[in-house]
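Undergrad: Please read through the structure below; I'll follow up with questions.
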Amino acid sequence: MPVTFKDNYLRPGSPKLCMPGENPGGNFRPTHGVQYPVDDVCKNMVEVIARKGWDIPGIDVTFDTHGDEESPLMQVRTISGGELGNKWRLWFCRPEFTNGRWNITTGISQINTPKQELSVFEDGSGPSLELYAGKDWAKDEDRFLTGSKVNSKLNKEPKWYLKYTGQGSNMVHDNDLGREYEPEKGVIASFKGALREDSREYTSIPKSRIFGNAKSFLEKVVAEIDAAHPDHEQGPKTRLQELSKIDIVPVPENTPTLIVTEKYSRGDNNILVAGNGWRLAGWGVRNDPENPFPERAHDGFSYGFAQEPYKSNIGLIGEDPRSSDTRIMRVQLNLANDIFVVDEKLYETTREAFSKVAEAEKRDRFTDAEVNEMTAAMARTMVSLSEYGGNYEKPIYLIGRPLKADEAHDVTEQVRQPNPDDRWNPHLNFEQVLAL
């Protein structure tokens, strides 16, 4: 579907649409962050797509909803499109307005155009740039568009990008203390003319050229969208309300009662489970286009378990129930919306396989690629609760929305019993917890 909504929950208040460069009012004030030459064209992109009714063939738009429960805020998070070999993507995550508690992150923060990724920051640091330096763009395009570009040389990956950072009026190559590849020596030392195919081997490129290329590319895209589609008769806000209506997804009958460990600091008013804790798969976990996991796996969740222990054996997700900053919740879901399930067993079997490889190679630790693949293997099992067949050996329930008292019950005080040394001991029998 061209238009998708993240964190769009059943709330008392209707979300207020925040557009780039527009103060949402109330007690919000400008952040007075640094402005960039690409800001206006990205703002224009959102405005044109809004006039066309958001739901445009060939254009994917994602929205985020956040803010107070009674007065939620909605904004465009990503826009992407383009044909194979010429794909592009905009990511809006730069703060433009704040009220001290919530930031309105409607400013452009990352622009992906063919073979180029440009990132800008509100504090004026950077900008940063990645240029494609691989040998098979058709194979690497999707990975370059959305994948992580970190420590490629350190991780012994083939060279498929080069990193640059802003220094004065230029973008200068940065090998990140030897963890990234260098441009080929003797090819081209500095940028002089138009950006050509061999630009991947430049050591220095003028910022004006990089921003100019991105701006020109997006201006052409915006003009094409504007010319190809009529304005929608409903208007942007009315159309968005129609598109964002939530269909209630019932909970399958076999869904068990869950135990969720949650940080106190993530609670808000009458929200007991926040639904936005640890990411299942961090951004450093590569999503292989040939064997992908759902992009939603990169999001943060609260984690529910239908058997002991109260947290994953992985040790990477879920909160430690022994911590005094942790609340222990008994959860009985009423809706299946934004609830997913993964099988932790895939993490364990992948880890066991890599353990044998490490032992054969006489290594005492895993490589970064191996650690990431353990998580990716588990993430590939991610399915919605409504699709889950109950067949996972070690299911972990991913809660991607806030839970209130109608679905979550705080059993922290009943579970914890102080020991003589005044330390918490939350290890009650699981059946006892469910009976509270």
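Undergrad: Can you tell me which residue among 67, 25, 58, 81 is over 23 Å from the mean Cα position of the chain (by Cα) and not assigned by TED's automatic domain parsing to the domain that holds residue 336?
TA: Only one candidate qualifies: 25.
Undergrad: Which residue out of 92, 97 is surrounded by 20 or more Cβ atoms within 10 Å (Cβ to Cβ), assigned by TED's automatic domain parsing to the domain that holds residue 17 and out of contact with any helix residue (DSSP H, G or I) (no Cβ under 9 Å at 6 or more places or on another chain)?
TA: Selected residue: 97, the only one of 92, 97 that is surrounded by 20 or more Cβ atoms within 10 Å (Cβ to Cβ), assigned by TED's automatic domain parsing to the domain that holds residue 17 and out of contact with any helix residue (DSSP H, G or I) (no Cβ under 9 Å at 6 or more places or on another chain).
Undergrad: Look at residue 102 and say whether it is at pLDDT 95 or above and of a type in the set (Phe, Trp, Tyr). Break it down stepwise before answering.
TA: Working: at pLDDT 95 or above: no; of a type in the set (Phe, Trp, Tyr): yes.
When the stated conditions are applied, residue 102 does not pass them.
Undergrad: Given the condition assigned to a strand (DSSP E or B), β-branched (Val, Ile, Thr), surrounded by fewer than 18 Cβ atoms within 10 Å (Cβ to Cβ) and in contact (Cβ under 8 Å) with a residue 24 or more places away in the chain, answer yes or no: does some residue in segment 17-35 qualify?
TA: Within segment 17-35 (the criterion being assigned to a strand (DSSP E or B), β-branched (Val, Ile, Thr), surrounded by fewer than 18 Cβ atoms within 10 Å (Cβ to Cβ) and in contact (Cβ under 8 Å) with a residue 24 or more places away in the chain), the answer is no, since none of the residues qualifies.
Undergrad: From the list 259, 210, 248, 205, pick out the single residue that is in a loop (DSSP other than H, G, I, E, B) and either within 26 Å of the chain's Cα centre (by Cα) or at pLDDT below 95 (or both).
TA: Criteria check complete, one pass: 248.
Undergrad: Then there's this: Output the number of the condition that residue 287 fails; it satisfies all remaining conditions of (1) at pLDDT below 85; (2) within 30 Å of residue 70 (Cα to Cα); (3) surrounded by 18 or more Cβ atoms within 10 Å (Cβ to Cβ).
TA: Checking residue 287 against (1) at pLDDT below 85; (2) within 30 Å of residue 70 (Cα to Cα); (3) surrounded by 18 or more Cβ atoms within 10 Å (Cβ to Cβ), the one that fails is (2).
Undergrad: Out of segment 359-393, which residues are assigned to a helix (DSSP H, G or I), buried (at least 18 other Cβ atoms within 10 Å of the Cβ) and touching a strand residue (DSSP E or B) at 6+ places or on another chain (Cβ under 8 Å)?
TA: 378, 379, 385
Undergrad: For segment 121-136, enumerate the residues that are farther than 30 Å from residue 32 by Cα and buried (at least 16 other Cβ atoms within 10 Å of the Cβ).
TA: Scanning segment 121-136 gives 132, 133, 134.
Undergrad: Identify all residues within segment 158-173 that are in contact (Cβ under 8 Å) with a residue 24 or more places away in the chain, over 20 Å from residue 87 (Cα atoms) and in a loop (DSSP other than H, G, I, E, B); write none if there are none.
TA: Of everything in segment 158-173, those that are in contact (Cβ under 8 Å) with a residue 24 or more places away in the chain, over 20 Å from residue 87 (Cα atoms) and in a loop (DSSP other than H, G, I, E, B) turn out to be 158, 159, 169.
Undergrad: Scan segment 347-391 for residues that are over 28 Å from the mean Cα position of the chain (by Cα) and touching a residue at least 12 places away in the same chain (Cβ under 8 Å) and jot them down.
TA: If the condition is that a residue be over 28 Å from the mean Cα position of the chain (by Cα) and touching a residue at least 12 places away in the same chain (Cβ under 8 Å), then 357, 358 are the ones that fit.
Undergrad: For residues in segment 128-156 being of a type outside the set (D, E, K, R) and in a helix (DSSP H, G or I), which is nearest to residue 214 (Cα to Cα)?
TA: Going through the qualifying residues, I end up with 145.
The values are calculated or read from the model by the stated rules, or taken from the named source; none is laboratory data. The structure presented is a predicted model; accordingly, all values stated were derived computationally and were not measured. Positions of Cβ are backbone-derived with ideal geometry, glycine not excepted, and every protein chain shown enters the neighbour counts.
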